[in-house]
Amino acid sequence: MLNQATLDDLWNFEDPQASEARFRAAAADPAYDADERAELTTQLGRAIGLQGRFEEADALLDAGDGDEPTVAVRVLLERGRC
């Protein structure tokens with residue numbers, strides 16, 4: 001799973017649009033394994049939700065793979081934030 005420093009480097013809560021772009025790029029990066037990309041996608045959903053695009057964020061979270069426990073928890077957490 002991702003370490004907090006990696007997530008912190010991708011996040012800028014004052015600029016969710018820039019964070020969205022960074023999370024999209026990271027989620028497409030083959031350097032991350034499938035579980036890490038799924039975790040990145042939960043944060044992409046959060047960035048989209050922070051922009052008020054709740055239906056889009058919810059659909060993205062619906063598509064998330066909930067088999068890995070960390071990802072499953074993040075999906076629930078981000079859905080609650082939306």
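What follows draws every value from the coordinates through simple rules; no lab data is involved. Since the model is a prediction, treat every value here as computed from it, not as a measurement. Here the Cβ is made from the backbone with ideal geometry for all residues, glycine too, and neighbour counts use every protein chain on show.
Dividing the mean sequence gap of close Cα pairs (under 8 Å, 6+ apart) by how many residues the chain holds gives a relative contact order of 26 percent.
Within the shell defined by Cβ-Cβ distances under 15 Å, the residues around Q51 carry a net charge of -2, with Lys and Arg each +1 and Asp and Glu each -1. Which net charge results for the neighbourhood of E20, defined as the other residues with beta-carbon distances under 12 angstrom from its beta-carbon, given Lys and Arg at +1 and Asp and Glu at -1? Summing Lys/Arg as +1 and Asp/Glu as -1 gives +2.
Per the Debye formula on identical point scatterers at the alpha carbon atoms of the chain, with no solvent, log10 I(q)/I(0) at q = 0.13, 0.16 Å⁻¹ is -0.33, -0.51. For a paramagnetic label modelled on A34 (point 7 Å from Cα along Cα→Cβ), amide N atoms under 16 Å away belong, within the range 45-79, to 63-72. Taking one quarter of the surface of the convex hull spanned by the alpha-carbon atoms of the range 34-82 gives a direction-averaged projected area of 2.7 nm². Around the Cα centre of the chain, unit charges on the Cβ atoms of Lys, Arg, Asp and Glu (plus for the first two, minus for the last two) sum to a dipole of about 220 debye. For the chain, the list of chymotrypsin sites (Phe, Trp or Tyr not before Pro) that fall in a loop by DSSP and count at most 12 other C-beta atoms within 10 angstrom reads F13.
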